[in-house]
Amino acid sequence: MLVEGPAGVGKTELAKALSRATERHLIRLQCYEGLDEAKALYEWNYRKQLLRIQAESGTDAERASWEAVHGDIFAEEFLLTRPLLQAIASTEPVVLLIDEIDKTDQEFEAMLLEVLSDFQISIPELGVIEARTHPIVVLTSNNSRELTEALKRRCLYLWLDYPEVEREMEIVRLHSPEIDERLARRLVEVVHMVRQLDLKKPPSIAESIDWARALLLLGADDLDSSVFERTMSIIVKHRTDMDLVAERVGVKLGGARLDVETAG
């Protein structure tokens, strides 16, 4: 399943929830620019191999042949497994989360397709390792670049956007059940107002939850301009964004109750 959407809408949390619901262990591959096969699949523990070679060649009488040593050092005990191999080789069903796949390049996508098409990995020194159980694979993307058609063709597709006010209220109160319903609504309405602005980074759902927890710690029973100024940095993380939010949102908090439909 390929899950796309803005940063912070809960794509990663969806995979974690799927892991909990299916009672499968979660294996996560965090993607980044420059990620290669060694960090995603496997690599050999060269230091341990070198120590074994030195140990095997201790004395002339007991020195092993290269063929024997070569076969010995390319055994599974010298293999450093990375997330993709861990998921394929797992004896128990797992959820494989490939997070932010859009940060990698098309070459990595091609390697990934090869692995996931047959759920097997070929290691020249050991042979082919086939999946004992098929993992549930969840790929997430912030849509920072267009993914290849070959990848999308093999995936179920889900676009995950920011939730509506009522739904986000449910999420906030689920994680902060002590918060008053009226305060939770006001908080979520402010967050939705902030997201409508042209910001470098709109506030995520996780930041809405953090803001609710902060208001509880402060003992706030309302969200006025004073409280907003003190806690704005929880949901706004860029200096230019803070100026814009303070100008467009902060001044409105001294007035009547917010209305999302007229917040823009």
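What the table below lists for this structure:
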| quantity | calculated |
| --- | --- |
| Segment 239-254: number of residues that are open to solvent by 50 Å² or more (accessible area, probe 1.4 Å), without any contact (Cβ under 8 Å) to a residue 24 or more places away in the chain and either in contact with a Gly (Cβ under 8 Å, 6 or more places away or on another chain) or over 15 Å from Gln196 (Cβ atoms) (or both) | 3 |
| Selection count, segment 139-174, where residues are more than 18 Å from Arg195 (Cβ to Cβ) and open to solvent by 80 Å² or more (accessible area, probe 1.4 Å) | 9 |
| Lone unmet requirement of (1) part of a loop (DSSP other than H, G, I, E, B); (2) under 24 Å from the mean Cα position of the chain (by Cα) for Glu178 | (2) |
| Selection count where residues are surrounded by fewer than 16 Cβ atoms within 10 Å (Cβ to Cβ), part of a loop (DSSP other than H, G, I, E, B) and modelled with pLDDT of 95 or more, scope segment 3-26 | 1 |
| Selection within segment 209-238 - part of a loop (DSSP other than H, G, I, E, B), open to solvent by 60 Å² or more (accessible area, probe 1.4 Å) and under 21 Å from Asp198 (Cβ atoms) | Lys237, His238 |
| Segment 86-114 - residue that is surrounded by fewer than 21 Cβ atoms within 10 Å (Cβ to Cβ) and hydrophobic (A, V, I, L, M, F, W, C) and, of those, nearest to the chain's Cα centre (by Cα) | Phe108 |
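The values are calculated or read from the model by the stated rules, or taken from the named source; none is laboratory data. What you see is a predicted model; the values in this text were computed from it and never measured. Note that we place each Cβ from the backbone using ideal geometry, even for glycine, and neighbour counts take in every protein chain shown. Protein only, heavy atoms only, side chains kept; ligands, DNA and RNA dropped before computing areas. Shrake-Rupley method; radii C 1.70, N 1.55, O 1.52, S 1.80 Å.
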